[in-house]
Every structure is written in C-alpha cells, then in structure tokens.
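This is the structure I want to talk about, given as structure tokens.
The values are calculated or read from the model by the stated rules, or taken from the named source; none is laboratory data. Keep in mind that this is a model prediction, so the values were computed, not measured. So basically every Cβ, Gly included, is an ideal-geometry build from the backbone, and we count neighbours across all protein chains shown.
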Amino acid sequence: MLRKFILGLTAAGFCAGLAGTSLADDRASITKKGSLLVWSKVEIKWERTLLGGFSLTQDTILDLSNDYPGDVSVQFYFVNGDEALDAECDPTCVLELGSCEEECVIERAHPGWNWVDCQVLLTANQPMYMSMVAGQGFGSSVAGCQPFTSLDPGDPPGRPDPDVIGGRVLRGFVVGWAVKNNPDDGQNSQIRWNHLIGDASIINYALATSAEYNAYAFAALEGATAHGDFVGTAGVINLDGVEYDSAYERLLMDFYAADARRGFDFDITLHTVSADLRQETNGPVRTKAVFDIWNEDEIRFSGTEKCITCWDQTLASNYPSPNHLLIGSIHTTKGKARITGIASNIAACPLATDAALLGLQIKHIIFGGLPLRFARSAISMVGQGEKDATIRYDIISGSEEAQDVTGGTVGTAGVSKANGRAGR
C-alpha cells in the first residue's frame, strides 16, 4: 500500500510538473497552427483519350482554415517544381526545312521554376478549399486564385509524365502566409496570425485513390511581435527560430523498401525551404540531399543522394545508384532514412548550398488479381535539429488613395502576377 501511495505521488508530481512547464518547440510542425503554411506537393495529371485529346485524371485540393474570430488575408505563391524545357522538334522535319518551324514541333516548350501569386481574404473562422485545376472551390463563396495550370498553359496540358507513358503532368508546391496592408511598407506585409491550418488531398479519379497530408505550419514567434502585428521586414520572412519557427536540420523518413515483386513503391518529394520569389530573383536554391539509411538489422547504408533544385519528386525505384531504398539493397522490408541538404560542387550537382528541406512520402500499392486495385497514402516528413531559411517576395505598393490609414486589412483577393524563377 505504501509503495502504491508513493508511486501515485510521483506520477501526480510528474504530471503536475508537465502541466506547469512550457514545452516550446520553435520548429515547423504538421500538427500545430501557424502564420505561414507550406503544401509540399501539388500534382495534376491528364491521360490521352481514345479521340486523341486529354482528360483530367488527377487533381489536388488545398484546404485552409482561419481559426480566429477576425478577418485575415493570405498571400499565396504557386510554384512550378520542374525545370524549363525547350521545344522538342522532329529531326527529319528540321532537316527538310532547315530549322525548327512550328510544324516541326512534337513537344512544345515548357516554363520551369516559375510562379504565380494571389491573395485571398478569409473572414472570421472561415474555412476554404481550392481545386488546383480550377483555382477555387466548386461553388465556393471564396474568390480563390488563378488555376495552378496558369504556370504552364498550352495544348496539350502539362508536360510529359515521367511516371506514366503517354500521360501529362504539372506539379510543384504552394506556400502561403498571413498578411495585411502596411501604410509604410506595402499591401502584403507579413503578420503574426498563428491561427492558420491546412492540408491537401491528391485525388486520382482514374485509379479511384486519394492521398491526404497535412501542410507544414510555421508560427510567428511571440517574442517577435504581438498577434496581428507585422513581423520583421516586409518582404523578407526569416524562418530562424526568432521571427518565425525554424526549419529542420534534417528530415526523417520511415519507409517500406520499394519491391516490384510485391507491387510496392513510393515517391519522395523534397524541396528547399528557402525561396526567392521576387521579380528580380537570384534563382532557385540547389542542394544535395544525402540519405543515411538503416535497415531492420541496424546496418547503415550510405551513398544514396539526389540533387534538388527548388523541388523534386522521384519514385524510390528510380533513384540513382547506389539506391538503398530498394528491398534488394537493404534486404529488409523496413528502412529508416535521415535526409540532409548539403553544399556540393560535384558535376551532378554544381553550386549546391547547405539548405533546409521539407518533404513528403506517398506510398503506391498495387493489389494483384483482376481487375487490378490500387491504394495510396501520404505523410509529411518530420525532422530533427534546427536550420534557418529565408523566403523573399515582392511587396505590393499602393497609391495613397488606396492606403488603409487605420492599419486594417486591404482586400486584394484575386490579385496575381506571373514571375520568372523560384528559389534563392
């Protein structure tokens, strides 16, 4: 009885101690609210129809909620994750005409690492969603943004899909943060508003699958400013553990090894946290993602790496050699990886810098039998350690007549512009 009583006191004291202690973690999170959100993966797909056109087979739905009894504007940037591609021409046609005329083009040119931005107004406690194909929710009362497809308009839609023969794809990521009009600095100055939550659903209509993940949230820190006030310097967002939560020093990924015999694979999305979204940009951030991998027998494998310029999505089975994401390499079903973005100047990854990463894993499962059945699930990666990152963007200046002299929010819903390159 005495022993039980002592244990009870110890447990009560421990819990009381936890209740009275602030367990601060000034890092990005997929479980808390924030002032800045990152949706790591948007992927839209099309497939060729029997009539020769293309039909939509996959959309990404972004969800966002304002969990506060007051209005707030959110500044969005939609970023094309893939690099620019020149037009591909039929060599026989070029030989006949002497140059790549319009009739010689067999694949149109594609912009890359470009972005568009917009701003939406969320009223008190308002939720919203946006189809990335439509740019807004179907029948929604929120104005929404331009479609993600405005990043690469043209016919046929998107670019050739590296994972589906004959398919088309457009993909990248979205970042958004709370803003309001600042009479001194601009109409989209970042503010502390730690009441934004978001997630995304990647819905494949052809396979009848859906994969949902939580957006990363970065809180504006209490020591930097009060709720609703401006944070730091307008146009420069410091994710440094002082103004906003910091990013991770490295990502952690728990995975089932890719195994073609069992119909299992997974894609890995990685992108740099730092980005230069200004008109006069310094270009995309490049880093070398280095994987340290352990199998179920605690054996460590090294050498797997990938050059990441701005954003990358690659199936585990398609990673470069040595590929320790395969069951034939690590020889166990489960594996664990630590992923670090490091500086490098090797030929395969020139001018790479030490950079923080965010990431997402989507599992792809094929069930045997006829008809074939498919399943997908998504999870945002967690991380360890802390690393600084910076997002830079252009401030929208307004005329004196348009200024809100009371310091309140100026509604600029639907304002958008197309820019050149994303990254730092």
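For P153, work out the one condition from (1) touching a helix residue (DSSP H, G or I) at 6+ places or on another chain (Cβ under 7 Å); (2) over 22 Å from T269 (Cα atoms) it doesn't fulfil.
Among (1) touching a helix residue (DSSP H, G or I) at 6+ places or on another chain (Cβ under 7 Å); (2) over 22 Å from T269 (Cα atoms), P153 violates only (1).
Taking the residues in region 113-130 that are touching a residue at least 60 places away in the same chain (Cβ under 8 Å) and in contact with a Leu (Cβ under 8 Å, 6 or more places away or on another chain) as candidates, determine which candidate is surrounded by the fewest Cβ atoms within 10 Å (Cβ to Cβ).
P127
While we're looking at this one, here's another question. Which residue is surrounded by the most Cβ atoms within 10 Å (Cβ to Cβ), if the candidates are limited to region 197-229 and must be under 14 Å from the mean Cα position of the chain (by Cα) and either of a type in the set (D, E, K, R) or under 19 Å from S246 (Cβ atoms) (or both)?
Per the criteria, the residue is F218.
Does region 135-156 contain any residue that is among the aromatic types (F, W, Y) and closer than 30 Å to V105 by Cβ? Outline the logic, then answer.
From region 135-156, those among the aromatic types (F, W, Y) are 138, 148; that's our starting set.
Now drop any that are not closer than 30 Å to V105 by Cβ, which leaves 148.
The answer is yes, given that some residue of region 135-156 is among the aromatic types (F, W, Y) and closer than 30 Å to V105 by Cβ.
In region 253-271, how many residues are over 22 Å from the mean Cα position of the chain (by Cα) and either in a strand (DSSP E or B) or under 14 Å from G335 (Cα atoms) (or both)?
Total meeting the criteria: 5.
For V74, all conditions in the list (1) in contact with a helix residue (DSSP H, G or I) (Cβ under 9 Å, 6 or more places away or on another chain); (2) closer than 30 Å to R278 by Cα hold save one; what is the number of the exception?
In the conditions (1) in contact with a helix residue (DSSP H, G or I) (Cβ under 9 Å, 6 or more places away or on another chain); (2) closer than 30 Å to R278 by Cα, V74 misses (1) alone.
Does D292 fit the bill of being crowded, with 16+ Cβ neighbours inside 10 Å and either within 27 Å of S274 (Cα to Cα) or of a type in the set (S, T, N, Q) (or both)?
Yes.
Does region 184-238 hold any residues that are over 13 Å from V74 (Cβ atoms), β-branched (V, I, T) and in contact with a strand residue (DSSP E or B) (Cβ under 6 Å, 6 or more places away or on another chain), and which are they?
Matches in region 184-238: I202, I203, T209, V231, V236, I237.
Still on this model: Residues that are outside any strand (DSSP E or B) and under 26 Å from E386 (Cα atoms): does region 197-220 have at least one? Before the answer, list the steps.
First, pick out the residues of region 197-220 that are outside any strand (DSSP E or B): 205-208, 215, 219.
Filter once more, so that each one left must be under 26 Å from E386 (Cα atoms): 215, 219.
Yes, the conditions are met somewhere in region 197-220.
Moving to a separate point now. Out of the residues in region 182-196 that are more than 23 Å from the chain's Cα centre (by Cα) and in a loop (DSSP other than H, G, I, E, B), state the one that is surrounded by the fewest Cβ atoms within 10 Å (Cβ to Cβ).
Only one residue tops the list, namely D184.
Go through region 55-96 and give me each residue that's of a type in the set (A, V, I, L, M, F, W, C) and either assigned to a strand (DSSP E or B) or under 21 Å from the mean Cα position of the chain (by Cα) (or both).
L56, I61, L62, L64, V72, V74, F76, F78, V79, A84, L85, C89
If you scan region 301-343, which residues turn out to be among the small types (G, A, S) and either at pLDDT below 95 or more than 20 Å from L251 (Cα to Cα) (or both)?
The answer is S321, G328, S329.
Hey, another quick one. Is it the case that some residue within region 171-183 is at pLDDT 95 or above, over 28 Å from L325 (Cβ atoms) and among the β-branched types (V, I, T)?
Checked against the condition, which is being at pLDDT 95 or above, over 28 Å from L325 (Cβ atoms) and among the β-branched types (V, I, T), region 171-183 yields at least one hit.
Give me a count of the residues in region 91-110 that are in contact with a helix residue (DSSP H, G or I) (Cβ under 8 Å, 6 or more places away or on another chain), closer than 21 Å to P156 by Cα and exposed (fewer than 15 other Cβ atoms within 10 Å of the Cβ).
So the count comes out to 2.
Would you check which residues across region 230-252 are buried (at least 18 other Cβ atoms within 10 Å of the Cβ), hydrophobic (A, V, I, L, M, F, W, C) and part of a loop (DSSP other than H, G, I, E, B) and list them?
Once the filter is applied, which keeps residues that are buried (at least 18 other Cβ atoms within 10 Å of the Cβ), hydrophobic (A, V, I, L, M, F, W, C) and part of a loop (DSSP other than H, G, I, E, B), region 230-252 yields V231, A234.
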